[in-house]
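Take a look at the structure set out below.
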Amino acid sequence: MLLEKMKNWFRRHMEEQMAKIDLSNISHTYNPLDPKPTYALNPFSMTWENGKRYAILGPSGCGKTTMLNIVSGLVRPSKGEILFDETPVTDLKTEDRNIAQVFQFPVIYNTMTVYDNLAFPLRCREFTKDKIEERVKAVSDTLNLSSFLNSPARKLTADQKQLISLGRGLVREDVAAVLMDEPLTVIDPDLKFRLRRNLKEINEQYKTTLVYVTHDQNEAMTFAENIIVMDQGEIVQVGLPKDLFEKPKTTFVGYFIGSPAMNIFHSTVSSDHEVKINDTTIKTNSNLGNLKDKNVKLGIRSEFIELAEKEKNNTVKIKLTRVEDFGNFKLLTGKMGNLVIKSKVEREKPIPDGELNLYFPPEKCCVYSDEKLV
Ligand code: ATP
């Protein structure tokens with residue numbers, strides 16, 4: 001009875017507005033009866049604000065889909081609560097949560113026309129004929145499906161079918177969120193780029209909360225305002241693309257984001273702000289007072305390392321081993337003893353043969369103790 005009341009309240013409420021989504025003390029194991037269960041998601045709490053774009057980014061098996069399915073109701077979390085606008089929905093079924101979900105592969109009705117596929121979620125909720133026409137037109141225009149509206153869905157190509165799936169997710173304006181699990185995998189790269197832009201426009205126009213799961217950093221960076229980086233069931237950083245790039249909170253984020261990965265060197269703290277890599281002292285802006293003589297790691301992006309004309313403070317001497325011309329920049333690879341260093345330089349810069357001095361700007365140096373940013 002209470003559940004029924006909650007559902008009705010929820011339906012009414014959701015017709016009026018989209019929701020803030022709270023994941024509160026969530027954790028999940030798929031083998032709860034095992035004496036030593038393994039956790040697909042370790043305990044975490046997080047809020048998805050209404051109308052924002054989020055990407056859940058991480059390598060295969062880190063728990064992205066589990067998190068999405070917990071929000072949609074396909075998986076019940078072992079612990080914790082899901083709240084939509086402060087109301088617990090953990091016990092509600094997927095169909096009662098007012099969520100649209102788009103999967104990696106198309107989920108459509110092959111026997112229906114494209115129009116009927118797109119109209120279906122609206123007809124189920126008894127929208128008026130005019131409203132249905134208006135929404136189907138808007139979504140089919142955005143997704144380039146207008147000329148196929150009267151064709152049976154089965155006659156379309158695999159990527160067009162996925163566009164229908166996406167359209168069915170986007171056609172309702174009243175959903176709490178649209179959850180997308182690697183939705184563009186089957187779509188060709190050019191169209192992918194355009195669709196990501198369209199999704200951004202849809203989000204800006206309709207203020208629909210969009211959550212996009214991907215293992216591709218470029219997809220995440222170009223789509224989302226907020227990126228949730230995951231590793232082995234942990235949320236390791238939530239932030240803007242700029243934060244993840246400039247100040248990775250863990251060495252994992254440093255490796256995972258950016259191309260090439262962040263340069264990370266074993267080093268030892270030698271003073272309040274300095275570390276030693278081999279015998280070279282590097283000044284940083286980090287406060288290292290508590291870590292004197294400790295082994296740490298120094299991280300610096302190849303984009304921030306500068307070519308120096310001569311040896312000076314904060315330069316390291318390297319033996320150049322490779323120069324790759326990428327058209328808009330050159331990527332230098334060099335060795336300092338047994339350490340490999342990569343630096344991106346402007347393509348016009350003359351590169352001397354043999355030994356080079358590379359400058360590490362102190363403000364761009366990140367120090368990691370136990371793999372975490374100091
Ligand atoms: P991918 O990018 O490969 O889809 P993911 O980051 O989405 O991976 P999940 O699918 O959430 O990760 O899986 C997280 C962990 O939970 C993995 O170790 C996976 O093997 C395990 N897992 C996922 N679904 C189940 C299930 N139904 N039963 C048992 N274990 C599962």
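Compare 244, 143, 166 in a GNM of the chain, Cα atoms joined below 10 Å, and give the one with the largest fluctuation.
Checking each option, the largest mean-square fluctuation is seen for 143.
Given a 10 angstrom Cα cut-off, can you work out which residue in 203, 285, 117 is the most mobile in a GNM of the chain?
285
Over segment 259-373, what relative contact order in percent results from Cα pairs under 8 Å that are six or more residues apart?
Details: 252 pairs, mean separation 34.1, N = 115.
That works out to 30 percent.
Order 273, 266, most accessible first, counting only protein heavy atoms with a 1.4 angstrom probe.
Numbers: 273 75, 266 135 Å².
Largest accessible area first, the list is 266, 273.
Starting at the first residue of segment 102-114, write each ³J(HN,Hα) from the Karplus equation 6.51 cos²θ - 1.76 cosθ + 1.60 with θ = phi - 60°, in whole Hz, x for Gly and Pro.
10, 9, 4, 10, x, 10, 9, 8, 5, 7, 8, 6, 4
If you count the DSSP beta bridges with both ends in the chain, what percent of them are antiparallel, to the nearest 5?
Numbers: 59 of 76 bridges.
Around 80 percent antiparallel, to the nearest 5.
Given the whole protein assembly as supplied and a 1.4 Å probe, what does the accessible area of residue 345 come to in Å², nearest 10?
10
Based on the Cβ-Cβ distance of residue 60 and residue 24, what FRET efficiency does E = 1/(1 + (r/R0)^6) give at R0 = 30 Å, to the nearest 0.05?
On the way: r = 27 Å, r/R0 = 0.89.
Efficiency at R0 = 30 Å is approximately 0.65.
Can you tell me the FRET efficiency between residue 268 and residue 309 if r is taken as the Cβ-Cβ distance and R0 is 22 Å, rounded to the nearest 0.05?
Values: r = 28 Å, r/R0 = 1.29.
Approximately 0.20, to the nearest 0.05.
I want to verify a result. In a Gaussian network model of the chain, Cα cutoff 10 Å, which of these has the top mean-square fluctuation: 153, 220, 176?
Result for the chain, Cα springs under 10 Å: 153 fluctuates most.
Considering only DSSP states other than H, G, I, E and B, which trypsin sites (Lys or Arg not before Pro) in segment 307-365 qualify as loop sites with at most 10 other Cβ atoms within 10 Å?
On the way: sites: 310, 312, 317, 319, 322, 330, 335, 342, 344, 347, 364; in loops: 310, 312, 347.
Those satisfying the criteria are 310, 312.
Treating the beta-carbon of each Lys and Arg as +1 and of each Asp and Glu as -1, no other charges, what is the dipole magnitude of segment 259-373 about its Cα centre, to the nearest 20 debye?
Numbers: 19 positive and 17 negative charges, 31 e Å.
So the dipole magnitude of segment 259-373 works out to roughly 160 debye.
Per 0.36 nm of contour for each residue apart, how much would the distance between residue 133 and residue 259 grow if the chain were fully extended, relative to their Cα-Cα spacing? Don't jump to the answer; show the numbers that get you there.
Working: separation 126, 0.36 × 126 = 45.36 nm, distance 4.48 nm.
Going from the current span to full extension adds 40.9 nm.
Multiply the residue gap between residue 276 and residue 158 by 0.36 nm, knock off their C-alpha separation, and tell me the result in nm, one decimal place.
Roughly 37.0 nm would be gained on extension.
Show 91, 216 ordered by accessible area, largest first, where the area counts protein heavy atoms only and the probe is 1.4 Å. Present the calculation step by step, with values, prior to reporting the outcome.
Values: 91 100, 216 60 Å².
My answer, sorted largest first, is 91, 216.
Can you sort 95, 309 by 1.4 Å-probe accessible area, starting with the largest? Walk me through the intermediate numbers first.
Working: 95 120, 309 190 Å².
Of 95, 309, the descending order of accessible area is 309, 95.
Convert each backbone phi in segment 41-51 into a coupling constant with the Karplus relation 6.51 cos²θ - 1.76 cosθ + 1.60 (shift: θ = phi - 60°), then list the ³J(HN,Hα) values in order as whole Hz, x for Gly and Pro.
Ordered by residue, 3J(HN,Hα) equals 9, 7, x, 7, 10, 6, 10, 9, 6, 4, x Hz.
Report, in deg cm²/dmol and to the nearest 500, the calculated mean residue ellipticity at 222 nm for the chain, where each DSSP H run with n ≥ 4 adds -39500 (n - 2.57) and the sum is divided by the residue count. Numbers along the way, then the final one.
Details: 9 runs with 99 residues, N = 374.
Calculated from helices alone, the mean residue ellipticity at 222 nm is -8000 deg cm²/dmol.
Distance between the C-alpha centers of segment 203-269 and segment 333-368? Whole Å please.
24
Count the net charge of all other residues whose Cβ sits under 10 Å from the Cβ of residue 107, scoring Lys and Arg as +1 and Asp and Glu as -1.
On the way: positive: 161, 168; negative: none.
Combined, the nearby Lys, Arg, Asp and Glu give +2.
For segment 198-204, what does the Karplus curve 6.51 cos²θ - 1.76 cosθ + 1.60, with θ = phi - 60°, yield as ³J(HN,Hα) per residue in whole Hz, taken in order and with x for Gly and Pro?
With coefficients 6.51, -1.76 and 1.60, one gets 4, 4, 5, 5, 4, 4, 5 Hz.
The values are calculated or read from the model by the stated rules, or taken from the named source; none is laboratory data. Just so you know, these numbers come straight off a predicted model, no measurement behind them. Reconstructed Cβ throughout: ideal geometry from the backbone, glycine too, with neighbour counts over all protein chains shown. Please note that ligands, DNA and RNA were not included when accessible areas were found on the heavy atoms of the full protein model with its side chains. Shrake-Rupley method; radii C 1.70, N 1.55, O 1.52, S 1.80 Å.
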